[in-house]
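One structure is given here, and the rest of the page talks about it.
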Amino acid sequence: MAFECKTSTKIIVSKNSEDTAQVNLNHIVSSGKSLLIDSESVITESGKPRQSAKLPADECLLNDHKTVISDLPPALISEIFNCLDPKELGVVSCVSPSLYRIASDHYVWKKFYCERWGLPIAVPISLNAECSDEKSWKELFVEREYRSKTFMGRYSIDTLYGHTEPVRTLFLLPSRKLIITSGYDSVVRMWDMEDGMSIASSRPLGCTIRAVAADSKLLIAGGSDGFIHGWRAEDGHPHLFDIKGPQNQNTEFRLWEHQGPITCVGLDLTRIYSGSWDMTIRVWDRLTLKCLNVLMHNDWVWSLVPHDSTVVSTSGSDVYVWETKSFSLVDVVKDNHVGNAYSLARSHTGSFVFTGGEDGAIHMFEIRCNSLHQVATWGPHSGPVYSLSFEFPWLVSASSDGKLSLIDVRKLLKNIQRSSAKLNRNSKNVEPPQRMLHGSGGSLFCVGIGADRVICGGEEGTVRIWNFSQAFEMAKRVSALKALRYENRMRRRKLQNEMDSKGSRADQCLVAAKSQMSGERNGVWYNKRGLARKVKG
């Protein structure tokens, strides 16, 4: 990096009592040329410097000295790194050891990780990359990014039996390795995500359960009779919730106020959200269990996803955006699908929204200034899309055609972030889904993605798990073998170069020695011969 003066910038070099040069700079900007200072120089309007007096060479600043980025203070380098994306930051870290240390310990890796996947679960984190027992944010990011690529690899399928009727809804709780499912048999079941074993099942709740949601403190289920049944987490319980025990008023509750079947539920830190066919979303306080507000829609509410200060919902074929502080409607997209918009998903940052509809299409929206802007459209299914789930960078959809589609939105998000022009609402993404999985012969009603697994439930009454963890382990072994082969190849190449250099030096010395000896012999022979002739004469 070099520097250049702007127009009308004075650069004054003076000599003090200690024979040191002082430079007063008002404005310095980056340029492709080095800065040369001889004396007091003034940049004129034409851009050429006017020199008034020239100092001796020993008192001038070093000319022809170009400043590189590694010469800058670490704090300034850190600010520059804030403008890079993960790939660019990784490339810069390979330039020099000093930049590698700054880039590896940079706090921006935490930002990258949390924007994509949130805070890690039960993983010790080191603030210093040199710590061996704990992982740095860069290591966590690289591992998670590498793990996300295994969904294109091999997998194994596990089928979980237990429900007697179609499975209508499921929810993944990766922090506890739990799968929560329910459906037409009105029973809520919990499964272990690792081995697929049934952990517990509730007593029949009396009606179809169309929606479940959970976090580390609360589990709720929405029934077709218009109630919300909930379980509070119990301290010391190995699986958080005791759903198979008898009814306990201290840990269980039921909320009644909806006038129709509940189709969707959601949780945040302080509230419970429930949507119903009575065309409303009700907002409840988690502590007092009182209804705080009612959000009115123009049709049946099919799905909702809360995030921070907004809630996105689908009603009929429309998409709504609500502001949770004032409970006001901020944006509506009319006729988003041909038919009902059954499913909804949202990125971890809440900036991107995905909708699936009765027409088999999937739309992607970006939320800018609390308004929705459509950026992409896919049509991977021949039937209605009943469920969506998103974990960066994969969007998974389940449809009545019995198939699952996996769409990688990594490139699309990168193009959106780099594009400064507004995208057309009717723009379409030409890339098809990266992978299609065949779930079963019947309709698929629910899907989830997490912990190297894709999980779905449907009309057959079973829960299927596509386990990609084996692909991750195989990919790790293959990567380790490639690294070992590359290291051995570089070692052999280094040894070969050393041997070649030694051999070439020996050959050069041998040739020089032979030529020298040949020249000396020829000289001596002719001299002796000449001397002999003179003697004879």
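The values are calculated or read from the model by the stated rules, or taken from the named source; none is laboratory data. Because the structure is a prediction, the values reported are computed rather than measured. Note: ideal-geometry Cβ built from the backbone for every residue, glycine included; neighbour counts use all protein chains shown. When the accessible area is computed, the model is the full protein with side chains, heavy atoms only, and any ligands, DNA or RNA have been set aside. Shrake-Rupley method; radii C 1.70, N 1.55, O 1.52, S 1.80 Å.
Brief remarks on what is shown
- FRET efficiency, residue 203 to residue 290 (Cβ-Cβ, R0 30 Å, nearest 0.05): 0.70
- 5 angstrom amide H check on residue 160, placed H, neighbours 5+ away: 463, 464, 465
- Working note: Karplus 6.51/-1.76/1.60 with θ = phi - 60° gives segment 269-284 the couplings 5, 10, 9, 10, 10, 9, x, 9, 6, 7, 6, 9, 10, 9, 10, 10 Hz, where Gly and Pro are set to x.
- Charge-dipole axis of segment 161-472 as Lys and Arg at +1 and Asp and Glu at -1 on Cβ define it, positive-most pick from 222, 233, 267: 267
- Highest average packing first - 288-299, 161-172, Cβ atoms within 10 Å: 161-172, 288-299
- What a 1.4 Å probe finds exposed on segment 161-472 is 47% carbon and sulfur by accessible area, rounded to a whole percent.
- In order along segment 391-396, the phi-based Karplus estimate (6.51 cos²θ - 1.76 cosθ + 1.60, θ = phi - 60°) of 3J(HN,Hα) comes to 9, 3, x, 9, 10, 10 Hz; Gly and Pro are listed as x.
- Checked against a 21 Å cut-off, the cross-linked pairs 111/414; 111/411; 177/290 give Cα-Cα distances beyond that limit for 177/290.
- When you count the other C-beta atoms within 10 angstrom of each residue and take the mean per peptide, 489-498, 106-115 line up highest first as 106-115, 489-498.
- Overall form of segment 161-472: oblate. Here a/c, set by the Cα gyration tensor axes a ≥ b ≥ c, is 1.5 or more, and a/b is not larger than b/c.
- Using only side-chain charges placed at the Cβ, +1 for Lys and Arg and -1 for Asp and Glu, the dipole size of segment 161-472 relative to its Cα centre rounds to 700 debye.
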